[in-house]
Amino acid sequence: MSGKKLGAQTVALSNPPSFVGRSNVVGKKEGEGPLASTFDYIADDDTFGESTWEKSESAMQKRALAQALNKAGLATANLDWLFAGDLLNQCIGSSYAAREQNIPFFGLYGACSTMGEGLALASMVLDGGFGSLAGVVASSHFCSAERQYRTPLEYGGQRTPTAQWTVTGSGAAILSTKGPGPYITHVTVGKIVDKGVKDANNMGAAMAPAAWDTITTHLRDTGRTPSDYDQIITGDLGMLGSELLLELLHRDGMSFSNHLDCGKLIFDPKKQDVHCGGSGCGCCASVLTGYLINQLEQGRWKRILFCPTGALHSPTASFQGESIPGICHAIAISTLKEG
(Lines give C-alpha, C1' and ligand atoms only; values in the text may rest on other atoms or scores of the structure.)
Protein backbone atom coordinates (compact mmCIF):
# COMPACT_ATOMS: atom_id res chain seq x y z
CA MET A 1 0.00 0.00 0.00
CA SER A 2 1.24 3.50 -0.84
CA GLY A 3 2.69 5.49 2.01
CA LYS A 4 0.42 8.34 0.98
CA LYS A 5 -2.76 6.39 1.79
CA LEU A 6 -4.19 6.95 5.26
CA GLY A 7 -6.84 4.55 6.51
CA ALA A 8 -9.71 3.63 4.24
CA GLN A 9 -10.29 6.63 1.99
CA THR A 10 -7.78 9.41 2.65
CA VAL A 11 -4.65 10.51 0.81
CA ALA A 12 -1.96 12.64 2.47
CA LEU A 13 -0.22 14.57 -0.30
CA SER A 14 3.58 14.58 -0.02
CA ASN A 15 3.89 17.64 -2.27
CA PRO A 16 0.71 19.61 -1.54
CA PRO A 17 -0.35 21.70 -4.54
CA SER A 18 -0.90 25.40 -4.06
CA PHE A 19 -3.74 27.65 -5.18
CA VAL A 20 -1.97 30.14 -7.48
CA GLY A 21 -5.04 31.57 -9.19
CA ARG A 22 -8.77 31.53 -8.54
CA SER A 23 -11.81 33.40 -9.71
CA ASN A 24 -15.58 33.29 -9.82
CA VAL A 25 -18.53 34.52 -11.84
CA VAL A 26 -22.10 34.76 -10.54
CA GLY A 27 -25.54 35.92 -11.53
CA LYS A 28 -27.58 38.91 -10.41
CA LYS A 29 -29.34 37.19 -7.49
CA GLU A 30 -26.05 35.89 -6.06
CA GLY A 31 -24.61 39.37 -6.39
CA GLU A 32 -27.40 40.67 -4.16
CA GLY A 33 -26.43 38.28 -1.36
CA PRO A 34 -24.04 38.68 1.60
CA LEU A 35 -20.94 37.47 -0.30
CA ALA A 36 -21.17 40.02 -3.12
CA SER A 37 -17.82 41.60 -2.31
CA THR A 38 -16.04 38.25 -2.76
CA PHE A 39 -17.17 37.71 -6.35
CA ASP A 40 -15.00 38.82 -9.27
CA TYR A 41 -17.80 39.28 -11.79
CA ILE A 42 -21.51 39.79 -11.15
CA ALA A 43 -23.71 39.71 -14.23
CA ASP A 44 -26.53 42.20 -14.77
CA ASP A 45 -28.17 39.71 -17.11
CA ASP A 46 -28.11 35.98 -16.34
CA THR A 47 -27.98 35.16 -20.04
CA PHE A 48 -24.34 36.34 -20.06
CA GLY A 49 -25.02 37.57 -23.59
CA GLU A 50 -25.96 34.11 -24.92
CA SER A 51 -29.09 32.79 -26.64
CA THR A 52 -29.69 29.75 -24.37
CA TRP A 53 -29.21 29.02 -20.67
CA GLU A 54 -26.82 26.18 -21.50
CA LYS A 55 -24.62 28.50 -23.55
CA SER A 56 -24.77 30.95 -20.64
CA GLU A 57 -23.30 28.30 -18.37
CA SER A 58 -20.43 27.66 -20.78
CA ALA A 59 -19.80 31.40 -20.94
CA MET A 60 -19.53 31.51 -17.15
CA GLN A 61 -16.93 28.74 -17.13
CA LYS A 62 -14.85 30.39 -19.83
CA ARG A 63 -14.86 33.71 -18.02
CA ALA A 64 -14.04 32.18 -14.63
CA LEU A 65 -11.11 30.18 -16.04
CA ALA A 66 -9.75 33.14 -17.99
CA GLN A 67 -9.90 35.35 -14.90
CA ALA A 68 -8.19 32.72 -12.72
CA LEU A 69 -5.40 32.28 -15.27
CA ASN A 70 -4.98 36.03 -15.55
CA LYS A 71 -4.62 36.35 -11.78
CA ALA A 72 -1.95 33.64 -11.85
CA GLY A 73 -0.12 35.32 -14.73
CA LEU A 74 -0.64 32.24 -16.91
CA ALA A 75 -2.11 31.33 -20.28
CA THR A 76 -4.27 28.33 -21.11
CA ALA A 77 -1.28 26.78 -22.87
CA ASN A 78 0.52 26.59 -19.51
CA LEU A 79 -2.03 24.14 -18.06
CA ASP A 80 -1.22 20.45 -18.16
CA TRP A 81 -4.77 19.38 -17.37
CA LEU A 82 -8.28 20.78 -17.05
CA PHE A 83 -10.86 19.17 -14.73
CA ALA A 84 -14.36 20.57 -15.18
CA GLY A 85 -17.97 19.66 -14.56
CA ASP A 86 -21.53 20.92 -14.25
CA LEU A 87 -25.10 19.67 -13.75
CA LEU A 88 -26.12 19.38 -17.37
CA ASN A 89 -26.62 16.13 -19.27
CA GLN A 90 -23.30 14.91 -20.66
CA CYS A 91 -21.60 17.89 -18.92
CA ILE A 92 -22.13 20.04 -21.99
CA GLY A 93 -21.55 23.25 -20.07
CA SER A 94 -17.97 22.14 -19.46
CA SER A 95 -17.17 20.40 -22.73
CA TYR A 96 -18.42 23.30 -24.84
CA ALA A 97 -16.49 25.74 -22.67
CA ALA A 98 -13.33 23.63 -23.07
CA ARG A 99 -13.53 23.02 -26.82
CA GLU A 100 -11.69 26.27 -27.62
CA GLN A 101 -9.13 25.95 -24.81
CA ASN A 102 -6.87 23.27 -26.36
CA ILE A 103 -6.13 21.75 -22.94
CA PRO A 104 -6.18 18.02 -22.06
CA PHE A 105 -9.65 17.70 -20.53
CA PHE A 106 -11.36 15.56 -17.89
CA GLY A 107 -15.14 16.01 -17.81
CA LEU A 108 -16.54 15.32 -14.35
CA TYR A 109 -19.94 14.72 -12.86
CA GLY A 110 -20.39 14.71 -9.11
CA ALA A 111 -23.53 16.85 -8.95
CA CYS A 112 -22.98 19.62 -6.38
CA SER A 113 -19.79 17.89 -5.17
CA THR A 114 -18.06 18.38 -8.55
CA MET A 115 -15.66 21.10 -7.37
CA GLY A 116 -14.45 18.78 -4.61
CA GLU A 117 -14.05 15.90 -7.06
CA GLY A 118 -12.04 18.11 -9.40
CA LEU A 119 -9.77 19.39 -6.64
CA ALA A 120 -9.21 15.84 -5.36
CA LEU A 121 -8.26 14.44 -8.77
CA ALA A 122 -6.14 17.45 -9.79
CA SER A 123 -4.26 17.37 -6.46
CA MET A 124 -3.46 13.68 -6.71
CA VAL A 125 -2.34 14.01 -10.35
CA LEU A 126 0.02 16.89 -9.52
CA ASP A 127 1.28 15.21 -6.35
CA GLY A 128 2.02 12.12 -8.43
CA GLY A 129 4.31 14.11 -10.69
CA PHE A 130 2.01 14.01 -13.72
CA GLY A 131 2.32 17.70 -14.53
CA SER A 132 2.85 20.95 -12.68
CA LEU A 133 -0.30 23.00 -13.37
CA ALA A 134 -3.98 22.04 -13.42
CA GLY A 135 -7.21 23.98 -13.71
CA VAL A 136 -10.42 23.01 -11.90
CA VAL A 137 -13.76 24.55 -12.91
CA ALA A 138 -17.39 23.90 -11.94
CA SER A 139 -20.63 25.69 -12.72
CA SER A 140 -24.40 25.65 -12.44
CA HIS A 141 -27.21 27.87 -13.67
CA PHE A 142 -30.61 28.21 -12.05
CA CYS A 143 -32.50 28.25 -15.34
CA SER A 144 -30.73 25.29 -16.96
CA ALA A 145 -31.09 23.24 -13.76
CA GLU A 146 -34.81 24.01 -13.44
CA ARG A 147 -35.34 22.98 -17.04
CA GLN A 148 -33.46 19.71 -16.62
CA TYR A 149 -34.43 18.55 -13.13
CA ARG A 150 -37.84 20.06 -12.49
CA THR A 151 -40.04 22.09 -14.82
CA PRO A 152 -39.25 24.93 -17.23
CA LEU A 153 -39.51 28.37 -15.66
CA GLU A 154 -42.44 29.25 -17.91
CA TYR A 155 -44.57 26.65 -16.07
CA GLY A 156 -44.39 28.65 -12.84
CA GLY A 157 -44.21 25.52 -10.68
CA GLN A 158 -44.63 25.86 -6.91
CA ARG A 159 -41.41 25.20 -4.98
CA THR A 160 -41.64 23.10 -1.80
CA PRO A 161 -40.37 24.43 1.57
CA THR A 162 -37.43 21.97 1.50
CA ALA A 163 -36.29 23.06 -1.97
CA GLN A 164 -32.99 24.85 -2.54
CA TRP A 165 -32.12 27.52 -5.10
CA THR A 166 -29.62 26.43 -7.74
CA VAL A 167 -26.84 29.00 -7.83
CA THR A 168 -26.06 30.73 -11.11
CA GLY A 169 -22.31 30.80 -10.85
CA SER A 170 -18.94 29.31 -11.70
CA GLY A 171 -15.68 29.01 -9.81
CA ALA A 172 -12.22 28.24 -11.20
CA ALA A 173 -9.00 27.37 -9.38
CA ILE A 174 -5.47 26.98 -10.73
CA LEU A 175 -3.34 24.50 -8.79
CA SER A 176 0.44 24.37 -9.02
CA THR A 177 3.22 22.19 -7.61
CA LYS A 178 4.89 25.48 -6.65
CA GLY A 179 3.40 28.45 -4.88
CA PRO A 180 2.88 30.25 -1.56
CA GLY A 181 -0.37 28.50 -0.67
CA PRO A 182 -2.97 27.91 0.54
CA TYR A 183 -2.23 24.24 -0.02
CA ILE A 184 -4.35 21.14 -0.47
CA THR A 185 -2.79 18.73 2.04
CA HIS A 186 -5.28 15.84 2.34
CA VAL A 187 -8.07 14.40 0.25
CA THR A 188 -10.77 12.04 1.53
CA VAL A 189 -12.67 10.50 -1.37
CA GLY A 190 -16.29 9.85 -0.52
CA LYS A 191 -18.36 6.73 -0.96
CA ILE A 192 -21.90 6.52 -2.29
CA VAL A 193 -24.30 6.75 0.65
CA ASP A 194 -28.02 6.18 0.08
CA LYS A 195 -30.49 6.22 2.97
CA GLY A 196 -33.58 5.86 0.81
CA VAL A 197 -34.61 9.51 0.40
CA LYS A 198 -36.76 9.82 -2.73
CA ASP A 199 -37.91 13.43 -2.59
CA ALA A 200 -36.09 15.23 -5.41
CA ASN A 201 -37.00 18.53 -3.78
CA ASN A 202 -35.17 17.67 -0.56
CA MET A 203 -31.51 17.51 -1.55
CA GLY A 204 -30.31 18.36 1.95
CA ALA A 205 -31.80 15.20 3.45
CA ALA A 206 -30.36 13.06 0.65
CA MET A 207 -26.82 14.47 1.00
CA ALA A 208 -26.45 14.86 4.77
CA PRO A 209 -25.67 11.15 5.43
CA ALA A 210 -22.87 11.27 2.84
CA ALA A 211 -21.40 14.36 4.52
CA TRP A 212 -21.54 12.59 7.89
CA ASP A 213 -19.84 9.50 6.43
CA THR A 214 -16.99 11.41 4.77
CA ILE A 215 -16.30 13.81 7.64
CA THR A 216 -16.17 11.03 10.23
CA THR A 217 -14.01 8.92 7.92
CA HIS A 218 -11.61 11.82 7.37
CA LEU A 219 -11.22 12.42 11.08
CA ARG A 220 -10.70 8.71 11.73
CA ASP A 221 -8.19 8.27 8.88
CA THR A 222 -6.12 11.32 9.84
CA GLY A 223 -6.44 11.04 13.61
CA ARG A 224 -7.67 14.61 13.73
CA THR A 225 -10.55 16.14 15.65
CA PRO A 226 -13.01 18.85 14.57
CA SER A 227 -11.02 21.40 16.60
CA ASP A 228 -8.01 20.85 14.32
CA TYR A 229 -9.89 22.92 11.73
CA ASP A 230 -10.92 26.54 11.95
CA GLN A 231 -14.00 25.63 9.94
CA ILE A 232 -15.54 22.46 8.52
CA ILE A 233 -17.50 23.63 5.48
CA THR A 234 -20.04 21.47 3.68
CA GLY A 235 -21.10 22.10 0.12
CA ASP A 236 -24.78 22.65 -0.36
CA LEU A 237 -26.70 21.00 2.45
CA GLY A 238 -28.64 24.18 3.08
CA MET A 239 -30.62 24.81 6.24
CA LEU A 240 -32.33 21.45 6.62
CA GLY A 241 -29.38 19.33 5.50
CA SER A 242 -27.04 21.14 7.89
CA GLU A 243 -29.39 20.44 10.79
CA LEU A 244 -29.52 16.76 9.85
CA LEU A 245 -25.71 16.55 9.57
CA LEU A 246 -25.20 18.03 13.02
CA GLU A 247 -27.82 15.65 14.42
CA LEU A 248 -26.02 12.65 12.90
CA LEU A 249 -22.68 13.84 14.27
CA HIS A 250 -24.25 14.42 17.68
CA ARG A 251 -25.41 10.81 17.73
CA ASP A 252 -21.76 9.84 17.25
CA GLY A 253 -20.80 11.91 20.27
CA MET A 254 -19.43 14.79 18.18
CA SER A 255 -20.54 18.30 18.92
CA PHE A 256 -18.80 21.19 17.24
CA SER A 257 -19.63 24.78 16.45
CA ASN A 258 -17.16 25.33 13.61
CA HIS A 259 -19.48 24.18 10.83
CA LEU A 260 -20.44 26.34 7.87
CA ASP A 261 -22.35 25.51 4.71
CA CYS A 262 -21.90 27.18 1.33
CA GLY A 263 -25.62 26.87 0.61
CA LYS A 264 -26.35 28.89 3.75
CA LEU A 265 -23.59 31.45 3.17
CA ILE A 266 -24.31 32.56 -0.38
CA PHE A 267 -27.84 33.93 0.11
CA ASP A 268 -29.60 35.98 2.78
CA PRO A 269 -32.63 33.84 3.75
CA LYS A 270 -34.39 36.83 5.34
CA LYS A 271 -34.14 39.04 2.26
CA GLN A 272 -33.97 36.49 -0.56
CA ASP A 273 -36.62 33.83 -1.17
CA VAL A 274 -34.41 30.76 -1.49
CA HIS A 275 -36.27 28.45 0.91
CA CYS A 276 -33.58 26.11 2.32
CA GLY A 277 -30.59 27.88 0.75
CA GLY A 278 -28.34 27.54 -2.27
CA SER A 279 -27.25 24.46 -4.22
CA GLY A 280 -25.60 23.51 -7.51
CA CYS A 281 -22.00 22.96 -8.62
CA GLY A 282 -21.50 26.71 -8.85
CA CYS A 283 -22.47 27.29 -5.22
CA CYS A 284 -19.49 25.83 -3.37
CA ALA A 285 -17.18 26.57 -6.34
CA SER A 286 -17.88 30.31 -6.19
CA VAL A 287 -17.86 30.41 -2.38
CA LEU A 288 -14.53 28.54 -2.20
CA THR A 289 -12.78 30.66 -4.82
CA GLY A 290 -13.98 33.82 -3.14
CA TYR A 291 -14.93 33.95 0.52
CA LEU A 292 -13.22 30.80 1.81
CA ILE A 293 -9.80 31.31 0.20
CA ASN A 294 -9.98 35.00 1.14
CA GLN A 295 -10.26 34.02 4.81
CA LEU A 296 -7.17 31.82 4.53
CA GLU A 297 -5.08 34.32 2.59
CA GLN A 298 -6.00 37.13 4.97
CA GLY A 299 -4.92 35.06 7.97
CA ARG A 300 -8.32 34.73 9.63
CA TRP A 301 -8.17 30.94 9.23
CA LYS A 302 -5.20 28.59 8.99
CA ARG A 303 -6.84 25.30 8.10
CA ILE A 304 -10.27 24.33 6.76
CA LEU A 305 -11.99 21.12 5.69
CA PHE A 306 -13.93 21.77 2.49
CA CYS A 307 -16.61 19.10 1.99
CA PRO A 308 -18.77 19.55 -1.12
CA THR A 309 -21.81 17.26 -1.27
CA GLY A 310 -23.76 15.95 -4.24
CA ALA A 311 -27.08 14.24 -4.94
CA LEU A 312 -26.41 11.76 -7.76
CA HIS A 313 -29.89 11.41 -9.21
CA SER A 314 -31.61 12.19 -12.48
CA PRO A 315 -35.22 12.90 -13.46
CA THR A 316 -35.36 9.46 -15.11
CA ALA A 317 -34.33 7.67 -11.91
CA SER A 318 -36.76 9.75 -9.84
CA PHE A 319 -39.64 9.00 -12.21
CA GLN A 320 -38.83 5.30 -11.84
CA GLY A 321 -39.15 5.54 -8.07
CA GLU A 322 -35.42 5.29 -7.31
CA SER A 323 -33.90 6.77 -4.18
CA ILE A 324 -31.21 9.48 -4.33
CA PRO A 325 -27.57 8.44 -3.78
CA GLY A 326 -25.35 10.99 -2.03
CA ILE A 327 -21.63 11.69 -2.21
CA CYS A 328 -19.22 13.97 -0.33
CA HIS A 329 -15.51 14.58 -0.83
CA ALA A 330 -13.36 16.24 1.85
CA ILE A 331 -10.48 18.53 0.90
CA ALA A 332 -8.15 19.75 3.66
CA ILE A 333 -6.78 23.19 2.80
CA SER A 334 -4.06 24.81 4.90
CA THR A 335 -1.90 27.92 4.86
CA LEU A 336 1.00 25.66 5.87
CA LYS A 337 2.63 23.09 3.61
CA GLU A 338 2.02 20.04 5.80
CA GLY A 339 3.21 17.31 3.43
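The values are calculated or read from the model by the stated rules, or taken from the named source; none is laboratory data. As the structure is a prediction and not an experimental result, all values here were calculated from the model. As a convention, Cβ positions derive from the backbone with ideal geometry for all residues, glycine included, and neighbour counts pool all protein chains shown.
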Residue count for the stretch 179-205, restricted to those that are touching a helix residue (DSSP H, G or I) at 6+ places or on another chain (Cβ under 7 Å), closer than 26 Å to THR289 by Cα and part of a strand (DSSP E or B): 4
Single residue of the stretch 314-339 satisfying the filter (assigned to a loop (DSSP other than H, G, I, E, B) and under 30 Å from GLY181 (Cα atoms)) that is nearest to the chain's Cα centre (by Cα): HIS329
Out of LEU288, LEU305, LEU245, sole residue that is outside the structural domain of ILE42 (by TED's automatic domain parsing), surrounded by 24 or more Cβ atoms within 10 Å (Cβ to Cβ) and either without any contact (Cβ under 8 Å) to a residue 40 or more places away in the chain or touching a Lys or Arg at 6+ places or on another chain (Cβ under 6 Å) (or both): LEU245
Number of positions in the stretch 1-31 that are over 20 Å from the mean Cα position of the chain (by Cα) and closer than 19 Å to ASN294 by Cα: 0
Test result for LYS195, at pLDDT below 95 and farther than 28 Å from GLU30 by Cα: yes
Residue in the stretch 35-84 that is nearest to the chain's Cα centre (by Cα), counting only those that are assigned to a loop (DSSP other than H, G, I, E, B) and hydroxyl-bearing (Ser, Thr, Tyr): THR47
Which listed residue, of GLN61, GLN9, is at pLDDT 95 or above and over 15 Å from PHE142 (Cα atoms): GLN9
Single unsatisfied condition, SER23 versus (1) in contact (Cβ under 8 Å) with a residue 40 or more places away in the chain; (2) assigned to a loop (DSSP other than H, G, I, E, B); (3) among the hydroxyl-bearing types (Ser, Thr, Tyr): (2)
Unmet requirement for LYS5, which otherwise passes all of (1) in contact (Cβ under 8 Å) with a residue 12 or more places away in the chain; (2) under 24 Å from PRO308 (Cα atoms): (1)
Selection status of ALA75, more than 20 Å from GLY263 (Cα to Cα) and buried (at least 19 other Cβ atoms within 10 Å of the Cβ): no
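Table: residues versus (1) surrounded by 15 or more Cβ atoms within 10 Å (Cβ to Cβ); (2) modelled with pLDDT under 90; (3) farther than 20 Å from ASP221 by Cβ.
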site: HIS259; (1), (2), (3): yes, no, no
site: ILE266; (1), (2), (3): yes, no, yes
site: THR316; (1), (2), (3): no, yes, yes
site: THR335; (1), (2), (3): yes, no, yes
Residue within the stretch 212-234 that is surrounded by fewer than 21 Cβ atoms within 10 Å (Cβ to Cβ), of a type in the set (D, E, K, R) and free of Cβ contacts under 8 Å to residues at least 60 places away in the same chain present: yes
Pairs with Cβ under 7 Å, 6+ apart, first in the stretch 187-204 and closer than 26 Å to ILE331 by Cα and outside the structural domain of ARG224 (by TED's automatic domain parsing), second in a loop (DSSP other than H, G, I, E, B) and of a type in the set (Lys, Arg): none
Selection status of THR162, in contact with a His (Cβ under 9 Å, 6 or more places away or on another chain) and modelled with pLDDT under 90: yes
Breaking point among (1) over 23 Å from GLY321 (Cα atoms); (2) of a type in the set (A, V, I, L, M, F, W, C); (3) not in a strand (DSSP E or B), for ILE174: (3)
